[in-house]
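Chemist: Below: one structure in structure tokens.
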Amino acid sequence: QVQLVESGGGLVQPGGSLRLSCAASANSFSSYTMAWYRQASGKQRELVARITGGGAPNYADSVKGRFTISRDNTNNTVYLQMNSLKPEDAAVYYCYAVLSWISYWGQGTQVTVSS
């Protein structure tokens with residue numbers, strides 16, 4: 001069983017920045033592909049960014065150039081640096097870990113973008 005604990009959410013003004021963190025209790029953390037998803041009120045959960053164990057990232061088109069996903073395999077943590085935030089980025093952000101057919105979700109952290 002892997003536990004994922006997100007932190008770093010909060011209220012930010014449009015154009016501002018936040019850094020989300022996800023601490024994983026996984027053995028062999030570096031083997032997991034890690035991702036951030038988000039779910040806005042009334043909408044489906046969507047992939048924001050994903051990073052392989054080797055550090056190769058990919059992003060949803062809506063966040064390219066603004067968000068950066070990274071990982072620290074020594075400390076079993078994945079990050080999401082979010083810059084130039086827009087009101088449409090407001091959502092609950094979830095950390096996700098997958099290894100083969102096994103996957104885990106964090107409990108989510110709220111990001112609110114409002115002036």
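The values are calculated or read from the model by the stated rules, or taken from the named source; none is laboratory data. What you are looking at is a predicted structure, and each value in this text was computed from that prediction instead of being measured. Methodologically, a virtual Cβ is constructed for each residue, glycine included, from the backbone with ideal geometry; neighbour enumeration extends over all protein chains shown. The protein model used for the area step is the full one, side chains on, heavy atoms only, and it has no ligands, DNA or RNA in it. Shrake-Rupley method; radii C 1.70, N 1.55, O 1.52, S 1.80 Å.
Chemist: At what distance in angstrom do the alpha carbon centres of the stretch 75-115 and the stretch 32-62 lie from each other?
Modeler: 7
Chemist: Using only the Cα atoms of the chain, build the gyration tensor, take square roots of its eigenvalues as a ≥ b ≥ c, and label the shape rounded, prolate or oblate: rounded if a/c is under 1.5, else prolate if a/b is larger than b/c, else oblate. Walk me through the numbers before you get to the answer.
Modeler: Numbers: a/c = 1.83, a/b = 1.69, b/c = 1.09.
Prolate, since a/c reaches 1.5 and a/b exceeds b/c.
Chemist: To continue, here is another question. Pop out the carbon and sulfur fraction of the accessible area of the chain as a percent, whole number, probe 1.4 Å. Can you show the working numbers first?
Modeler: On the way: 2680 of 5980 Å².
Whole-percent figure for carbon plus sulfur exposure: 45.
Chemist: Still on this structure, please answer the following. Show me, for the stretch 34-44, the HN-Hα J-couplings you get by feeding each phi into the Karplus relation (A = 6.51, B = -1.76, C = 1.60, θ = phi - 60°), rounded to Hz, glycine and proline as x.
Modeler: With the stated coefficients, the stretch 34-44 comes to 10, 8, 10, 10, 9, 9, 7, 4, x, 10, 6 Hz.
Chemist: Sticking with this structure for a sec: Could you tell me the relative contact order of the stretch 1-100? Use alpha-carbon pairs under 8 Å, at least six residues apart, and round to a whole percent. Provide the component values of the computation, followed by the final result.
Modeler: Working: 200 pairs, mean separation 35.2, N = 100.
RCO, the stretch 1-100: 35 percent.
Chemist: What does the highest-first list of 70-77, 92-99, 48-55 look like by mean Cβ count within 10 Å?
Modeler: Details: 70-77: 15.5, 92-99: 20.2, 48-55: 17.2.
Going from most to least packed, we get 92-99, 48-55, 70-77.
Chemist: List the residues of the stretch 54-95 whose backbone N lies under 19 Å from a point placed 7 Å from the Cα of LEU11 along the Cα-to-Cβ direction.
Modeler: Of the residues in the stretch 54-95, 85-93 have backbone N under 19 Å from the label point off LEU11.
Chemist: Assigning unit charges at the beta carbon (Lys, Arg +1; Asp, Glu -1) and nothing else, what dipole magnitude in debye, to the nearest 20, does the stretch 1-99 show about its Cα centre?
Modeler: Details: 9 positive and 6 negative charges, 21 e Å.
It works out to roughly 100 debye.
Chemist: Next question, about the same structure. Quick one: how many Å² of SER100 are accessible to a 1.4 Å probe, rounded to 10?
Modeler: 90
Chemist: Something else now. Just want to confirm a number: the relative contact order over the stretch 31-74, from Cα pairs under 8 angstrom separated by 6+ residues, in percent. Let's see the in-between values first.
Modeler: Numbers: 55 pairs, mean separation 13.3, N = 44.
Normalised by residue count, the contact order of the stretch 31-74 is 30 percent.
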